[in-house]
Amino acid sequence: MTGAVKRPVPRPMSPPPLPRPVRATLPHPPRGSGTDTQLPLDTEKLLAARLHAVKVRPYLAVALFALHIVEDRSVPTMAVDAHWRCYVSPAFVASMPVEELAGVWVHEVSHLLRDHHGRGERYAREHEEYGPGERLRRNIAADFEINDDIYGKGLPRPTGVVLPSLLGLSNGLLMEEYLRTSSMSGLAADLAWLDCGSGADGQARPWELGADGANGLTRQQRDAVRFRVAEGIKGKPGDAPDGWRRWADEAFHPPQPWRQLLGAAIRSAAGAPGVGENHTYRRPSRRSAAVPGVLLPSLRRIPPRVCVVIDTSGSVSDAELGSALLEVAAIARAVGGRRDLVSVISCDAAAGLAAPLCRAEDIELIGGGGTDLRSGFTRALRSRPRPDVIVALTDGQTPWPSEPPPCRTVVGLFPRHGGTVDKDDPDYVPDTPPAWARVVTIN
């Protein structure tokens, strides 16, 4: 066709270039994705890391060896369930140095020892929070609780480890306190990969074997492990951080109001029949009417006298002596504020004089040698007037009187763990307070 204009055929437009992927900046990104199906689990490296963890944290050895390893490539890093199984990603193990992997061992077993499974489950039930976002918040809060006690002294802190300082929060709080004080929304988006398993928050995962799976610990076995760890920490308290010592004190023996218990024990002893009673003719007995011509005395209730024997031996610390003085003031209040009825005896291997109580802060405690409270009991019973109640404040590293004193006895015991005391006889084990004494443990 003449005169026609030939137009160019439009070429199909090429698709726009895809945007380059941007890697999110995570505080502690997982080093193993768990997607490598060919990489074998380096069991030797994993066990070497556990041995390193035992070496630098010996008080956790029982718990670390109680964990059963389960290889699972769907796990992001390492995770635990409530039945003390540890699920491990081979890629994660391959990418971690042994020292940092040891820190992960301690991290995961800390979740189980602190019962984050049961506590997280209770928190979710009370607040009806079961979604993935709420699960992640509980996991972050649980990490906040334990991470400030894990690193240092042989366990290097990984770059960007999840710490309370990321949100400007204080160290040393519990998981529940972190959940109440912060929404953690600023961290949740960057920590979506974080997953320590149901042992950290109480919510089951698809990869977990559950209660009926193999190699899980029963409730009794789990409690036995936790009890042995707690006793080990209390036996050598200088080896563990403050957070672990608090946990060990409260794990199986919740804190008791020992001052109220001590005061109640003193009042009970002072108020017992026959204590603080005397005969008087100022008020004739009502029975005199049955005996004409005879004047019978009546019983008169007088305030009880209390003698406090304070152990001042070298095994009692200055802090405990200061606490003993506070108890002396509380004892004076327990007998109605009559300080003239309270006397104090300092006693190590020998007893001092019974000093009347004017002010607790003015009492001079003398001692620092060995311990033998029998001399303190003897001195108290020889004082005149004789006390109605003897209160012994001691660490218990002493021999006790072979026979009960002729008055009520209360023992305020500063706890000691580990039993054997290194005296002249290395096999010496102090006797427990006798059965005739009312014992109150002073925490």
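Lys and Arg at +1, Asp and Glu at -1: add these up for the other residues within a Cβ distance under 12 Å of G154 and post the number. Numbers along the way, then the final one.
Values: positive: K55, R57, K153, R157; negative: E99, E100.
With Lys, Arg at +1 and Asp, Glu at -1, the net is +2.
Only Lys, Arg, Asp and Glu carry charge here, each on its Cβ (+1 for the first two, -1 for the last two); on that basis the range 34-135 has a dipole of about 340 debye about its Cα centre. Only Lys, Arg, Asp and Glu carry charge here, each on its Cβ (+1 for the first two, -1 for the last two); on that basis the range 136-189 has a dipole of about 140 debye about its Cα centre. 3J(HN,Hα) along the range 55-61, derived from phi through the Karplus expression 6.51 cos²θ - 1.76 cosθ + 1.60 where θ = phi - 60°, amounts to 5, 8, 10, x, 5, 9, 4 Hz, with x in place of Gly and Pro. Protein heavy-atom accessible surface, 1.4 Å probe, per residue over the range 111-240: 48 Å². Surface composition of the range 363-410: carbon plus sulfur atoms contribute 44% of the solvent-accessible area (1.4 Å probe, protein chains only, all chains present).
Accessible area ranking (1.4 Å probe, heavy atoms, ligands and nucleic acids excluded), largest first, for W207, W84: W207, W84. Near L136: Cβ cut-off under 14 Å, other residues only, Lys/Arg at +1 and Asp/Glu at -1. The net charge is -2.
Rank these residues by their accessible area, most exposed first, probe 1.4 Å: K153, K45, K236, K55.
On the way: K153 185, K45 40, K236 135, K55 165 Å².
Greatest to least solvent exposure: K153, K55, K236, K45.
Surface composition of the range 174-254: carbon and sulfur atoms hold 50% of the protein heavy-atom accessible area at a 1.4 Å probe. Taking the centroid of alpha carbons for each part, the range 199-243 and the range 122-188 are 19 Å apart.
What does the charge count near A230 come to, summing +1 for each Lys or Arg and -1 for each Asp or Glu among other residues with Cβ under 14 Å from its Cβ? It would help to have the intermediate numbers written out before the result.
Values: positive: R114, R222, R226, R228, K234, K236, R245, R246; negative: D115, D223, E231, D239, D249, E250.
Net charge in that neighbourhood comes out at +2.
Taking a ≥ b ≥ c as the square roots of the eigenvalues of the Cα gyration tensor of the range 64-152, is the shape rounded (a/c under 1.5), prolate (a/b larger than b/c) or oblate? Let's see the in-between values first.
Numbers: a/c = 1.83, a/b = 1.56, b/c = 1.17.
Taking the square roots of the gyration eigenvalues as a ≥ b ≥ c, the range 64-152 is prolate.
Amide H to amide H, with H built 1.01 Å from N, V70 comes under 5 Å of C86, Y87, V88, counting only residues 5 or more places away or on other chains. Amide H contacts for R408 (H built 1.01 Å from N in the peptide plane; partners 5 or more residues away or on another chain; cut-off under 5 Å): I390. Classification of the range 23-174 by its C-alpha gyration tensor yields a rounded form. The axis ratio a/c (a ≥ b ≥ c) stays under 1.5.
The values are calculated or read from the model by the stated rules, or taken from the named source; none is laboratory data. In this text the structure is predicted, and so the values were computed from the model without any measurement. No Cβ is skipped: glycine too gets one built from the backbone with ideal geometry, and neighbour counts run over all protein chains shown. We work out accessible area using only protein heavy atoms, side chains counted, and drop any ligands, DNA or RNA first. Shrake-Rupley method; radii C 1.70, N 1.55, O 1.52, S 1.80 Å.
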